[in-house]
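The values are calculated or read from the model by the stated rules, or taken from the named source; none is laboratory data. Computed from a prediction, not measured in an experiment: that's the story for all the values here. In this analysis, Cβ positions are derived from the backbone assuming ideal geometry, glycine residues included, and neighbour counts consider all displayed protein chains.
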Amino acid sequence: MSDLKGRCLCGGVTVTAKGKFTEADACHCKMCRRQNGGGAFYAGHFEGGVNFEGPGLVWYSSSDYAERGFCEICGSTISWRMNAMPDQASVSLGLFDEAPGQISSRIFTDEAGEYEQLPQDVPHKTGAQVIAEFMAKQENN
């Protein structure tokens, strides 16, 4: 499979997703909703990871365990990654002209805004379930 190229709104950050698209989720946690102006963060994951380039990329330490990438020029949400696994960054599906796949789960659904009516199209996971999965993944790396 060829690499998938994407960019932020202004082009100040470009993204190259490498290898096979493995999964995507829609995160409804409070931080993602704040960063995205109220909506979920639609995050894609790729077998070969993701490369970021450009003068606009800024990383914000949003918690003790993770950071969020955004474009400081146009404000586009770029990525989310765990400090312990920076090479396994999630990337915003909105950066690509053609989204590579469908979401496989909705995560942090227990933190969704009251205004959100979450479809039952894919499995839902609470924050506790997601954190447990991340911790297990971290232990296996």
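Couple of notes before you dig in:
- Criterion: touching a residue at least 40 places away in the same chain (Cβ under 8 Å) and either surrounded by 14 or more Cβ atoms within 10 Å (Cβ to Cβ) or under 16 Å from Gln35 (Cβ atoms) (or both) - qualifying residue of Gly94, Gly101: Gly94
- Residue among Gly69, Gly94, Gly113, Gly75 that is assigned to a loop (DSSP other than H, G, I, E, B), among the small types (Gly, Ala, Ser) and over 14 Å from His28 (Cβ atoms): Gly75
- Against the test of being of a type in the set (Ser, Thr, Tyr), surrounded by 14 or more Cβ atoms within 10 Å (Cβ to Cβ) and not in a loop (DSSP other than H, G, I, E, B), the options Thr16, Thr22 yield a single qualifying residue, Thr16.
- Evaluating Asp64 against the criteria (1) in a loop (DSSP other than H, G, I, E, B); (2) under 23 Å from Leu4 (Cα atoms); (3) more than 14 Å from the chain's Cα centre (by Cα); (4) not small (Gly, Ala, Ser) leaves one unmet condition, (2).
- Filtered residue count, the range 38-61, keeping only those that are touching a Ser or Thr at 6+ places or on another chain (Cβ under 9 Å) and either part of a strand (DSSP E or B) or small (Gly, Ala, Ser) (or both): 14
- Flag if Gly6 is surrounded by 14 or more Cβ atoms within 10 Å (Cβ to Cβ), small (Gly, Ala, Ser) and either part of a loop (DSSP other than H, G, I, E, B) or in contact (Cβ under 8 Å) with a residue 40 or more places away in the chain (or both): yes
- Subset of the range 124-141 that is among the polar types (S, T, N, Q) and either surrounded by 13 or more Cβ atoms within 10 Å (Cβ to Cβ) or in contact (Cβ under 8 Å) with a residue 24 or more places away in the chain (or both) - its residue that is nearest to Arg106 (Cα to Cα): Thr126
- Restricting the range 91-141 to residues that are among the small types (Gly, Ala, Ser) and touching a strand residue (DSSP E or B) at 6+ places or on another chain (Cβ under 6 Å), the residue that is modelled with the lowest pLDDT: Gly101
- Asn83, sole failed condition from (1) more than 23 Å from Val15 (Cα to Cα); (2) loosely packed, with under 14 Cβ neighbours inside 10 Å; (3) in contact with a Phe, Trp or Tyr (Cβ under 7 Å, 6 or more places away or on another chain); (4) of a type outside the set (A, V, I, L, M): (1)
- One residue stands out among those in the range 25-37 that are touching a residue at least 60 places away in the same chain (Cβ under 8 Å) and outside any strand (DSSP E or B): the one that is farthest from the chain's Cα centre (by Cα), which is Lys30.
- Within the range 62-90, tally of residues that are modelled with pLDDT of 95 or more and farther than 15 Å from Asn36 by Cα: 1
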